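Each remark here refers to the structure printed beneath this line.
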Amino acid sequence: MIDAAKVLGKTLVASPERRQEADADVDVVRRVQAGEVAAFDVLIGKYRERVYGIIYNMTSNREDAADLTQDTFIKAFQSIQRFGGQSSFFTWLYRIAVNSTLSHLRKSRLRSFFSLDTLHADEPVAKDVVEALTDKTGVDRDTYVRELQEKLNDAMLKLSIKHRTVVTLFEIDGLSHQEIAEVMECSVGTVRSRLHYAKQLLQAELQPYIRR
């Protein structure tokens, strides 16, 4: 009999590395809460690039991503005393970033979302998306990704903001289902449902292109 917990473990729980990372972050957070303000720079240095990446893939705008990243850390610092460790600092910070970005997207009615313009053959970014959407063999991956980018962008625009956000957190940033649920403040089942729906729509939209 197949052990479902083992099969699903990768997507339902954080990895041991993430748990170790979370413990280290709590130590730094406690220092900040105790008045060692400069210790917050450790968290900024550790997560700035990752926060910027997720926001950029949500907005497709570098200036907006830079501004929202700065805003995320300002909000996190202002709220640091309210962090009680119920979730990891990582997911707590990402929740602030995602909520700030979703608010920005709603206010500006920005529709451009998904970008693969930094994708290269030796990078794992969005690899699962690319591989899931193509049944081709013997095609240079860089060439194929460039061709796919425009079609993928168009298809992503047909998803709701929440569905696009879940796809980005999972495919681009590699968060587990549980971590995404904490960031989006929804159930794991909702995360899985949104991912399933989004991938079905993307595959349907790109079917004529990938089977040419």
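The values are calculated or read from the model by the stated rules, or taken from the named source; none is laboratory data. The shown structure was predicted, so the numbers you read here are calculated from the model rather than taken from an experiment. Heads up, the Cβs are rebuilt from the backbone with ideal geometry, glycines too, and the neighbour counts pull from every protein chain shown.
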Q: Of the conditions (1) in a helix (DSSP H, G or I); (2) at pLDDT 85 or above; (3) surrounded by fewer than 19 Cβ atoms within 10 Å (Cβ to Cβ), G84 clears all except one; give me its number.
A: (1)
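Could you check segment 153-212 and list, in sequence order, the residues that are in a loop (DSSP other than H, G, I, E, B), within 24 Å of A97 (Cα to Cα) and not hydrophobic (A, V, I, L, M, F, W, C)?
K158, S160, D173, G174, S176, E185, S187
State whether one or more residues within segment 52-70 are in contact (Cβ under 8 Å) with a residue 12 or more places away in the chain, of a type in the set (K, R) and either in a helix (DSSP H, G or I) or farther than 20 Å from R30 by Cβ (or both). Can you show your working first?
Of segment 52-70, the ones in contact (Cβ under 8 Å) with a residue 12 or more places away in the chain are 52-61, 64-66, 68-69.
Still in the list and also of a type in the set (K, R): none.
Within segment 52-70, not a single residue is in contact (Cβ under 8 Å) with a residue 12 or more places away in the chain, of a type in the set (K, R) and either in a helix (DSSP H, G or I) or farther than 20 Å from R30 by Cβ (or both).
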**Q.** Cross-chain or 6+ apart pairs with Cβ under 7 Å, segment 24-44 first and among the basic types (K, R), then surrounded by 15 or more Cβ atoms within 10 Å (Cβ to Cβ) and in a helix (DSSP H, G or I)
**A.** R31/A39
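Within segment 122-149, which residues are within 18 Å of T59 (Cβ to Cβ) and either in contact with a Ser or Thr (Cβ under 6 Å, 6 or more places away or on another chain) or modelled with pLDDT of 55 or more (or both)?
Step one: filter segment 122-149 for residues within 18 Å of T59 (Cβ to Cβ), giving 125-126, 149.
The one that is within 18 Å of T59 (Cβ to Cβ) and either in contact with a Ser or Thr (Cβ under 6 Å, 6 or more places away or on another chain) or modelled with pLDDT of 55 or more (or both): Q149.
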(Q) Name the residue that is surrounded by the fewest Cβ atoms within 10 Å (Cβ to Cβ), counting only residues in segment 69-80 that are touching a helix residue (DSSP H, G or I) at 6+ places or on another chain (Cβ under 7 Å) and within 12 Å of F40 (Cβ to Cβ). (A) F77
Q. Within segment 164-187, how many residues are within 16 Å of A198 (Cα to Cα) and polar (S, T, N, Q)?
A. 2
Q: Would you be able to tell me the number of residues in segment 155-180 that are at pLDDT 85 or above and of a type in the set (G, A, S)?
A: 1
